[in-house]
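A.B. asks: Right, I'll just put the structure down here and ask away after.
The values are calculated or read from the model by the stated rules, or taken from the named source; none is laboratory data. All of these numbers come straight from a predicted model, not from anything done at the bench. Glycine gets a Cβ as well: all are built from the backbone with ideal geometry, and neighbour counts include every protein chain shown. Ligands, DNA and RNA are excluded from the accessible area calculation, which covers all protein heavy atoms including side chains. Shrake-Rupley method; radii C 1.70, N 1.55, O 1.52, S 1.80 Å.
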Amino acid sequence: MKRIAGFISSLAFATLLFNSVSSLRANTREVRVYSGRHYNTDRQVFKKFADETGIRVRLIEATGISLIERLKREGKKSKADVILLVDAARISNAAKLGLLQPYRSNKLEVNVSKEYKDSQGRWYALTRRVRVMVANPKIVDINKINSYSDLADPSLKGLVCLRKRNSPYNQSLVANQFVLRGEKETKTWLNKMISNVSEPYFPGDIGITRAVAQGKCGVGIVNHYYVARMLAGVNGTKDKKLAQRVEVITPNPAHVNVSAGGLARYATNKKEAIELLEFLASPEGSTGLAGPTYEHPLKGFNQSPEVKRFGGFTPDTVSIYQLGKYNAKAINLMTKAGWE
Ligand SMILES: [Fe+2]
């Protein structure tokens, strides 16, 4: 079995082809994937799918403009069969914009539990990530920080670092707290937490982890896998050393977000697309995607020593659908509280 990777770079998009030997004929079945998951390791999973099914996977990864913008622009002419996106808000947005079409399958019913799929069948989660806190034990008392609401404590004045408001990860976190705590409590939490913020707001979770490690901040909010990757040395030894200085605090219960996939509205290879989505959501596919990225699969936990070190987690009761539903509300609350 051999992968043929052909780079056809057009603007910010790269196309990669995953073939099996048996699928090199002209009439080969094919599935075209638009992916917002920027992980090279996903390619191993596509290759495995191609090997097992003989279906060729054509992968288009966006590095510049968003996939959603591209799909909107392409309209009916779009070649996309499967759309993969990270974050509840992004996938819900794609559904709201009519870029996805509903479908049902027994395998997906079994492998994706209720809270991780759209009730209309427009998208299904594939991997999970936990929004955790990273703290510097030399600066803050980590025993006093257990939940996101603890970041509102006046003792943390000038010690909280946050990613910018435009990050869907934080929008989903605020939507999550809105569902769990209601508007009044969420507003109070946001106002107090924002008054504790040490500016500037960060463009990414890695920057926050570094700043906490360096003592520029006492505590921040990040997705767990960024810290795990740093600990594993994926970003080099400097980041590895920094990550070793921070303490990961997983709230109990925790806010869980996902990466998810759906069938494109104008998919021409519908059958192949559903087969691929079924594969990605299966225990084999989900673990294949989540293992090397330090995410968690749909069921069970990432087994790397780096992630295991964070302890397990108990997801709260908020569904991915609800995170998308209250995304606009969350952005509004964040703006009003002064989250930049
Ligand atoms: Fe991420």
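A.B. asks: What is segment 174-261 by shape, rounded, prolate or oblate, if you read a ≥ b ≥ c off the alpha carbon gyration tensor as root eigenvalues and call it rounded for a/c under 1.5, prolate for a/b larger than b/c, and oblate otherwise?
C.D. replies: Note, shape of segment 174-261 comes out oblate.
A.B. asks: For residue 271 and residue 199, calculate 0.36 nm times their separation in residues minus their Cα-Cα distance, and state this gained length in nm to one decimal.
C.D. replies: Result: 21.0 nm gained on full extension.
A.B. asks: Is it possible to state the helix-based mean residue ellipticity at 222 nm for the chain, with each DSSP H run of 4+ residues giving -39500 (n - 2.57), the sum divided by total residues, to the nearest 500 deg cm²/dmol? What is it?
C.D. replies: Roughly -11500 deg cm²/dmol at 222 nm, from the helical runs in the chain.
A.B. asks: Moving on. Check the straight Cα-Cα distances from residue 240 and name the aspartates and glutamates below 14 Å, setting aside those fewer than 8 residues away within the same chain.
C.D. replies: Straight-line reach from residue 240, under 14 Å: 306.
A.B. asks: Same structure again: Can you give the FRET efficiency for residue 284 and residue 191, using 1/(1 + (r/R0)^6), R0 = 45 Å, r = Cβ-Cβ distance, to the nearest 0.05?
C.D. replies: After rounding to 0.05, the efficiency reads 0.45.
A.B. asks: Which entries in the list 72/216; 79/107; 164/271 go over 29 Å, if you measure between the two C-alpha atoms of each?
C.D. replies: Over 29 Å Cα-Cα: 72/216; 164/271.
A.B. asks: Report the residue, chosen from 269, 106, 166, that carries the largest GNM mean-square fluctuation when the chain is represented by alpha-carbon nodes joined by springs under 10 Å.
C.D. replies: Comparing 269, 106, 166 in the GNM, the peak value goes to 106.
A.B. asks: Can you flag which of 77/270; 48/76; 184/325; 187/329; 241/308; 96/329 are past 20 Å Cα-Cα?
C.D. replies: With Cα atoms farther than 20 Å apart: 48/76.
A.B. asks: How much length would be gained if the chain were fully extended between residue 335 and residue 155, taking 0.36 nm per residue of separation minus their Cα-Cα distance, in nm to one decimal?
C.D. replies: Length difference between fully extended and current span is 62.4 nm.
A.B. asks: I need the fraction of alpha carbon pairs in the chain separated by more than 26 Å, rounded to a whole percent.
C.D. replies: For the chain, the share of Cα pairs beyond 26 Å comes to 49 percent.
A.B. asks: Let me check something: with ligands and nucleic acids excluded, how do 51, 316 order by accessible area (1.4 Å probe), largest to smallest?
C.D. replies: These residues rank, largest area first, as 51, 316.
A.B. asks: On to the next question. So what is the accessible area of the chain per residue, in Å², with the probe set to 1.4 Å?
C.D. replies: Computed with neighbouring chains in place, this is 43 Å² per residue.
A.B. asks: With each pseudo-label sitting 7 Å past Cα toward Cβ, what's the residue 244-residue 76 distance in nm, one decimal?
C.D. replies: Those two pseudo-labels are separated by 6.0 nm.
A.B. asks: Given the protein chains as shown and a 1.4 Å probe, how many square angstrom of residue 188 are accessible, to the nearest 10?
C.D. replies: Its heavy atoms expose roughly 70 Å² to the probe.
A.B. asks: Set the Förster distance to 22 Å, then compute FRET efficiency between residue 107 and residue 314 from the Cβ-Cβ distance, nearest 0.05.
C.D. replies: After rounding to 0.05, the efficiency reads 0.25.
A.B. asks: Where a ≥ b ≥ c are the square roots of the eigenvalues of the C-alpha gyration tensor, would you call segment 115-241 rounded, which needs a/c under 1.5, or, failing that, prolate if a/b is larger than b/c, or oblate?
C.D. replies: Verdict is oblate for segment 115-241.
A.B. asks: For the chain, which whole-number percentage of the solvent-accessible area (1.4 Å probe, protein heavy atoms only) is attributable to carbon and sulfur atoms?
C.D. replies: Exposed carbon and sulfur together represent 51 percent of the surface.
A.B. asks: Can you classify segment 194-340 as rounded, prolate or oblate using the Cα gyration tensor, where a ≥ b ≥ c are the square roots of its eigenvalues, rounded means a/c under 1.5, and otherwise it's prolate if a/b beats b/c and oblate if not?
C.D. replies: Cα axes put segment 194-340 in the oblate bin.
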